[in-house]
């Protein structure tokens, strides 16, 4: 109550009241992902801030800067099993890089500044725990607020490691790239290196919006919802170059292939597959040093083979999106393909986990201006509408399209009521297959026949 009243009195910060706190966290994460700036969400004590946790896990795993303000019970009642009492610091420990409780106004603004700075610098989640009684106390009139937005450091590569990478890439013929979210801002550098190596480029799901467009070396995505061509390009390579990707599915990595990994996070090196060379660096500075050391390859037989395979895979998928003359149903492939064709050049697409993600990955066309966001690492249902709210709040004139499943949509559909008061013109498409479609597919593939997903 104290926070809401202070925001009302200040008038400089827009307060968006949602129906479910999980929506607030997903929306804040989407806002941060689209804007690249810090976004803030808040939840009341006990169940209120516990509802934030699932959305905050998504923010945490997507590496977006979010500050969560979690209310707590009155300080005098701690340890008494008071109404709605929990242990927020323990609850939020797994989905944040900073979590501290404010017990006196004298901690402000230092703790708040630290929380914001940590979220921005580490591109992650910070949590401030605020007991109700403390929230109502005034800050000291002598408090001095000095704020300078921090600039995240650029992580440069070790020159010796770059030379080793160049030796490997120059010494073997068939090179394939796998690109992920860490390739943000590196499109041109990736293409330039691929041109010298005649290397097919495979992308992980979060790399799609960054690397698929204007890319003559694109051979599709890999993974369970990817293309056969992406898998084959990796499986038949002599060298696999991993660029800013945390692709987690070990059985899709090739066996007996040399693997070089470039990632800004030291802990990501070798996390999902053993590597022959790991380089801790941002992708752009690493490739700027690496590319001049690469010898231009003249043989493009492997690249052509991969591209032919991709074209064959693409044609088969596109054929599934063609409306049959006597069909009485709108198939999801057709819907996703038509939405992609009709959507604005700078549209933002959000998609629920499951089949909406499958069809978005295969049929939504990127162009460098469009955005595609979802719960691609955390894998939570009910994210699309919530993330669309956060994206639309940034710019009510920009087209935002939520591609929802009937299962996910029904979980948080109460926040349809949020759209009208704030005049959010979100376009919502619901895939109504009367089941948890992707779970149903997985069960059938494993030999289980059940009606438990309907």
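The values are calculated or read from the model by the stated rules, or taken from the named source; none is laboratory data. Bear in mind the structure is a predicted one, so any value in this text is a computation, not a measurement. Don't worry about glycine lacking a Cβ; one is built from the backbone with ideal geometry, like all the others, and counts go over all protein chains shown.
Looking only at the range 375-407, count how many residues are on the phi > 0 side of the Ramachandran plot and in contact with a helix residue (DSSP H, G or I) (Cβ under 8 Å, 6 or more places away or on another chain).
Qualifying residue count, the range 375-407: 1.
Among the residues of the range 420-436, is there at least one that is part of a helix (DSSP H, G or I), crowded, with 20+ Cβ neighbours inside 10 Å and at pLDDT 95 or above?
Among the residues of the range 420-436, not one is part of a helix (DSSP H, G or I), crowded, with 20+ Cβ neighbours inside 10 Å and at pLDDT 95 or above, which makes the answer no.
Hey, can you tell me all the residues within the range 1-23 that are in contact (Cβ under 8 Å) with a residue 40 or more places away in the chain and within 20 Å of residue 382 (Cα to Cα)?
16, 17, 18, 19, 20, 22, 23
Consider the range 77-117. How many of its residues are crowded, with 20+ Cβ neighbours inside 10 Å and in a helix (DSSP H, G or I)?
So the count comes out to 4.
Report those helices (runs of 4 or more DSSP H) wholly inside the range 186-247 carrying at least 3 residues which are closer than 26 Å to residue 162 by Cβ.
Where helices (runs of 4 or more DSSP H) fall fully within the range 186-247 and carry at least 3 residues being closer than 26 Å to residue 162 by Cβ, they are 187-197.
Which residues, taken from the range 103-145, are under 15 Å from residue 74 (Cα atoms) and more than 30 Å from the chain's Cα centre (by Cα)?
Those that are under 15 Å from residue 74 (Cα atoms) and more than 30 Å from the chain's Cα centre (by Cα): 103, 104, 105, 131, 132, 133, 134, 135, 136, 137.
Anything in the range 121-154 that is touching a strand residue (DSSP E or B) at 6+ places or on another chain (Cβ under 9 Å) and either more than 30 Å from residue 54 (Cα to Cα) or outside any loop (DSSP other than H, G, I, E, B) (or both)? List them, or say none.
Result: 125, 126, 127, 128, 129, 130, 131, 132, 134, 135.
Of the numbered conditions (1) touching a residue at least 12 places away in the same chain (Cβ under 8 Å); (2) within 30 Å of residue 299 (Cα to Cα), residue 167 fails exactly one; give the number of that condition.
Result: residue 167 passes all but (1).
Just checking, how many residues over the range 359-369 are assigned to a loop (DSSP other than H, G, I, E, B) and crowded, with 20+ Cβ neighbours inside 10 Å?
1
Looking at residue 222, is it free of Cβ contacts under 8 Å to residues at least 60 places away in the same chain, buried (at least 18 other Cβ atoms within 10 Å of the Cβ) and touching a strand residue (DSSP E or B) at 6+ places or on another chain (Cβ under 7 Å)?
yes
Scanning the range 146-158 for residues that are farther than 17 Å from residue 275 by Cβ and surrounded by 10 or more Cβ atoms within 10 Å (Cβ to Cβ), which turns out modelled with the lowest pLDDT?
Step by step, filter the range 146-158, then rank; the result is 152.
From the set of residues in the range 278-331 that are under 26 Å from the mean Cα position of the chain (by Cα) and outside any helix (DSSP H, G or I), which is farthest from residue 152 (Cα to Cα)?
278
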